[in-house]
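One structure below.
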Amino acid sequence: MASCRAPTEEATKTLETEGGYVRANAERMWYATYRDQGLPVGSGAEESAAKHLVQQRMKRAGMRWSELGARAILHLRCAPLNHELLKQAA
């Protein structure tokens with residue numbers, strides 16, 4: 001990115017912003033190594049879990065949740081899934 005030349009001032013600001021992000025996070029951006037270890041490198045699994053665990057249960061028609069009630073339901077929804085993951089890991 002350091003060798004890129006931006007054609008506009010706006011593009012220069014964008015390059016500076018993104019370059020700062022890359023420099024600040026470089027030690028976490030070893031994607032090829034993570035893939036070789038069989039680890040996920042995207043957020044798709046987390047987004048899918050959020051949709052499955054949260055949205056399908058919490059956003060049904062007519063449902064209203066307090067923060068405390070929503071947290072309680074999410075803990076109950078996650079408990080059996082965590083138990084299954086622990087069994088698979090053993």
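Numerical summary
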{"read-out": "Cα-derived Rg to Rh of the range 1-41, Kirkwood definition", "value": "1.17"}
{"read-out": "Positive minus negative residues near A11 (Lys, Arg vs Asp, Glu; Cβ under 12 Å)", "value": "-2"}
{"read-out": "Cubic angstrom per residue, convex hull over Cα atoms of the range 44-89", "value": "73 Å³"}
{"read-out": "Selection from L39, Y21, A6, by position along the positive dipole direction of the range 1-41 (Cβ)", "value": "L39"}
{"read-out": "For a label point 7 Å along the Cα-to-beta-carbon line of R71, residues of the range 22-58 with backbone N under 20 Å", "value": "50, 53-55, 57-58"}
{"read-out": "Dipole moment magnitude, nearest 20 debye, the chain about Cα centre, only Lys, Arg, Asp, Glu C-beta charged", "value": "580 debye"}
{"read-out": "Bins of 5 Å from zero: percent of alpha-carbon pairs in the chain", "value": "2, 10, 11, 13, 12, 11, 11, 11, 9, 6, 3, 0"}
{"read-out": "On Cα atoms only, tilt of 67-89 relative to the major axis of the chain in degrees", "value": "80 degrees"}
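No value in this document is a laboratory result; all are computed from the given coordinates. All values reported here derive from a predicted model rather than from experimental measurement. Note that each Cβ is placed from the backbone with ideal geometry, even for glycine, and that neighbours are counted across all protein chains shown.
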